[in-house]
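Laboratory data are not the source of any read-out in this text; all were calculated from the coordinates shown. It should be emphasised that the depicted structure is a prediction, and the values quoted were computed from it without experimental measurement. In this analysis, Cβ positions are derived from the backbone assuming ideal geometry, glycine residues included, and neighbour counts consider all displayed protein chains.
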Amino acid sequence: MRVLNGLKLSFSIILVAGLVFSGGVFSMLLYAKMTGSDLGILVPRADDQAYAAEMTGDGTHTAGGNRIQRQAEQSVEAAAVRPASALLSAPVIRQNPELPAGCEITSLTMLLQYSGISKNKLDLVPEMKTDPTPIRFDRSGSIQYWGNPNVGFVGDITRKQIGFGIFHAGIYPLLHKYIPSAVDLTGQPYEQLEDQIIKGFPVVVWTTIDFQLPQKWVEWNTTTGTVRTTFSEHAVLLTGFDQSHVFVNDPLSGQKNLKIDKKQFIATWESMGKQALSYTGKAAH
């Protein structure tokens with residue numbers, strides 16, 4: 001008897017639960033009918049189906065697969081647009097015999113002449129900023145105090161007395177004077193130098209005389225802080241590149257479009273502070 005009563009009780013509970021559930025579903029359907037709303041929990045939507053297709057993971061005819069394929073195609077298209085090599089024909093000018101320490105102003109002259117400005121290196125020397133701070137040595141004969149190449153040219157550019165050079169910040173104002181669209185690319189990734197070449201603009205870059213990593217560094221104090229550099233510092237005009245090389249106009253050797261190993265060049269350029277100057281538009285004649 002107790003078993004029979006238990007079965008009746010269980011059946012009653014199940015019946016009540018079924019009525020509650022069916023009533024809830026009926027109410028939801030009735031609400032959707034009256035309001036015109038979309039009960040996404042009951043009927044899969046198109047975007048849900050697309051999401052489900054994307055999550056199948058088989059990679060065949062899925063939304064995710066199509067999107068990945070489109071992204072890959074866009075990457076390939078972008079790579080195809082950017083050329084793997086470019087080479088410009090800029091004038092090559094020797095710094096010697098007049099300016100043995102004047103690689104920077106000579107490289108700048110090449111850049112200006114390429115832009116159409118008729119200036120020679122000797123015209124520009126008097127216009128270049130200088131830091132006339134006299135050199136002072138310590139007891140060991142090392143340089144203790146001197147000028148700052150970020151301010152202006154340090155030493156004697158003719159090397160009749162000791163001379164050093166000038167860095168990007170010191171010579172940039174002269175470039176900007178003749179080309180208002182001048183840009184200082186110092187510190188930027190190497191790829192931006194290639195972008196300049198692709199656009200048709202050479203770049204003055206700082207490297208070393210032999211295009212090798214410096215073996216000896218020197219330091220001295222200035223009125224604006226300590227300078228750390230090397231006497232093998234050199235500036236050239238970057239004129240081109242390919243997959244394995246860069247091409248420069250070297251004012252020391254007088255070679256035009258001199259080929260240098262790209263990795264080697266980048267390493268020396270970075271060691272000299274990634275210094276680079278160029279421009280982006282027409283020069284002011």
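Any chance you could run the full-extension gain for PHE137 through GLN188? It's 0.36 nm times the residue separation minus the Cα-Cα distance, nm to one decimal.
Details: separation 51, 0.36 × 51 = 18.36 nm, distance 3.49 nm.
Fully extending the segment from PHE137 to GLN188 adds 14.9 nm.
Evaluate the distance, in nm, between pseudo-label points positioned 7 Å from the Cα of LYS262 and of THR230 along their respective Cα→Cβ axes.
Those two pseudo-labels are separated by 2.2 nm.
Could you tell me the distance between the Cα centroids of segment 108-167 and segment 231-268, to the nearest Å?
Result: 21 Å between the Cα centres.
At a 10 Å Cβ-Cβ cut-off, how would you order LEU111, LEU87, LEU174, LEU252, fewest neighbours first?
Details: LEU111 27, LEU87 12, LEU174 21, LEU252 16.
So the residues, fewest neighbours to most, are LEU87, LEU252, LEU174, LEU111.
So, counting K/R as plus one and D/E as minus one, what does the shell of residues with Cβ under 15 Å around THR229 add up to? Can you show the working numbers first?
Details: positive: LYS216, ARG228, LYS274; negative: GLU104, ASP131, GLU219, GLU233, GLU270.
Around THR229, the charge tally is -2.
Work out from phi, with θ = phi - 60° and the Karplus expression 6.51 cos²θ - 1.76 cosθ + 1.60, the ³J(HN,Hα) of each residue of segment 89-103, listed in order in whole Hz, and give x for Gly and Pro.
My calculation for segment 89-103 gives 10, 10, x, 10, 10, 8, 7, 7, x, 6, 10, x, 9, x, 5 Hz in order.
Evaluate E = 1/(1 + (r/R0)^6) for GLN215 and SER253, where r is the Cβ-Cβ distance and R0 equals 25 Å; express this FRET efficiency to the nearest 0.05.
Numbers: r = 20 Å, r/R0 = 0.81.
The pair GLN215/SER253 has a calculated efficiency of 0.80.
Tell me the net charge near PHE167. Cut-off is 12 Å between Cβ atoms, PHE167 excluded, with +1 for each Lys or Arg and -1 for each Asp or Glu. The partial results should precede the final answer.
Numbers: positive: LYS129, ARG228, LYS274; negative: GLU104, ASP131, ASP184, GLU233.
Net of charged neighbours comes to -1.
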